[in-house]
1. Would you point out which residue out of 4, 11, 38 is modelled with pLDDT under 95, part of a helix (DSSP H, G or I) and out of contact with any Leu (no Cβ under 8 Å at 6 or more places or on another chain)?
2. For residue 74, which of the numbered conditions (1) of a type in the set (S, T, N, Q); (2) open to solvent by 60 Å² or more (accessible area, probe 1.4 Å); (3) closer than 20 Å to residue 40 by Cα fails to hold?
3. Just need a number here: residues in the stretch 4-38 that are open to solvent by less than 80 Å² (accessible area, probe 1.4 Å), over 12 Å from the mean Cα position of the chain (by Cα) and either of a type outside the set (A, V, I, L, M, F, W, C) or more than 23 Å from residue 86 (Cβ to Cβ) (or both).
4. Could you list, in sequence order, all residues of the stretch 56-71 that are open to solvent by 30 Å² or more (accessible area, probe 1.4 Å) and of a type outside the set (A, V, I, L, M)?
5. Considering each of 61, 44 in turn, give the residue that is assigned to a strand (DSSP E or B), hydrophobic (A, V, I, L, M, F, W, C) and touching a helix residue (DSSP H, G or I) at 6+ places or on another chain (Cβ under 7 Å).
6. Out of everything in the stretch 48-58 that is part of a helix (DSSP H, G or I) and in contact (Cβ under 8 Å) with a residue 12 or more places away in the chain, what residue ends up being farthest from residue 25 (Cα to Cα)?
7. Between a residue in the stretch 94-106 that is under 18 Å from residue 55 (Cβ atoms) and any residue that is modelled with pLDDT under 80 and assigned to a helix (DSSP H, G or I), which pairs come within a Cβ distance under 9 Å, given they are 6 or more apart or on different chains?
8. Which residue out of 84, 93, 101, 106 is modelled with pLDDT under 95 and surrounded by 17 or more Cβ atoms within 10 Å (Cβ to Cβ)?
Amino acid sequence: MATKDLVETLKKVFRDKKRDGLVVDTIGLASAYHGLVKDRYTLAVSAPSLSGKTKLEKIQAITSLLFSDLTLDQRQLIDRVRVYDSVEELDNYRFNDFEEYPYDGYNGIQRRLPELYPVN
């Protein structure tokens, strides 16, 4: 249930920031460290409005937003932040829980992919 509430809060925050120029069209949550840590997530964000920035600038922009608009309990659920330029790029990384490096432990294992949530 905490995940569902977190997703709804994040969608609301990103919808509210759209009028300030931040466009986030889709978010995703994956279990942090490929599920090794309970109740901690990697937050992945498709933010086309940040496409001209460096990777670090993108992460800082989203992290600053999280610290200003989420409660401490909500922030503690987010272990990592990944920011992508498009929904297609975000979708490509979802097959590895939004991590850049391959995780060999998933070879041949049937698993559930992280859910993607459109921000309307």
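1. 4
2. Every listed condition holds for residue 74 apart from (2).
3. Number of matching residues: 7.
4. If we filter the stretch 56-71 for residues that are open to solvent by 30 Å² or more (accessible area, probe 1.4 Å), which is where we start, we get 56-57, 59-61, 63-64, 67-69, 71.
Hits for the stretch 56-71 are 57, 60, 63, 64, 67, 68, 69, 71.
5. Working: 61 fails: assigned to a strand (DSSP E or B).
Result of the check over 61, 44: 44.
6. Taking the stretch 48-58 and keeping what is part of a helix (DSSP H, G or I), we get 48-50, 55-58.
Filter again for in contact (Cβ under 8 Å) with a residue 12 or more places away in the chain, leaving 48-50, 55, 58.
Numbers: 48: 8, 49: 10, 50: 12, 55: 18, 58: 15 Å.
My answer is 55.
7. Note: pairs meeting the criteria are 96/34; 96/106; 97/34; 97/35; 97/106; 99/34.
8. Values: 84 fails: modelled with pLDDT under 95; 101 fails: surrounded by 17 or more Cβ atoms within 10 Å (Cβ to Cβ); 106 fails: surrounded by 17 or more Cβ atoms within 10 Å (Cβ to Cβ).
93 is the lone residue from the list that is modelled with pLDDT under 95 and surrounded by 17 or more Cβ atoms within 10 Å (Cβ to Cβ).
The values are calculated or read from the model by the stated rules, or taken from the named source; none is laboratory data. Bear in mind the structure is a predicted one, so any value in this text is a computation, not a measurement. Every residue, glycine among them, receives a Cβ derived from its backbone with ideal geometry; neighbour counts consider all protein chains shown. Note: accessible area is taken over every heavy atom of the protein model, side chains too, but ligands, DNA and RNA are not part of it. Shrake-Rupley method; radii C 1.70, N 1.55, O 1.52, S 1.80 Å.
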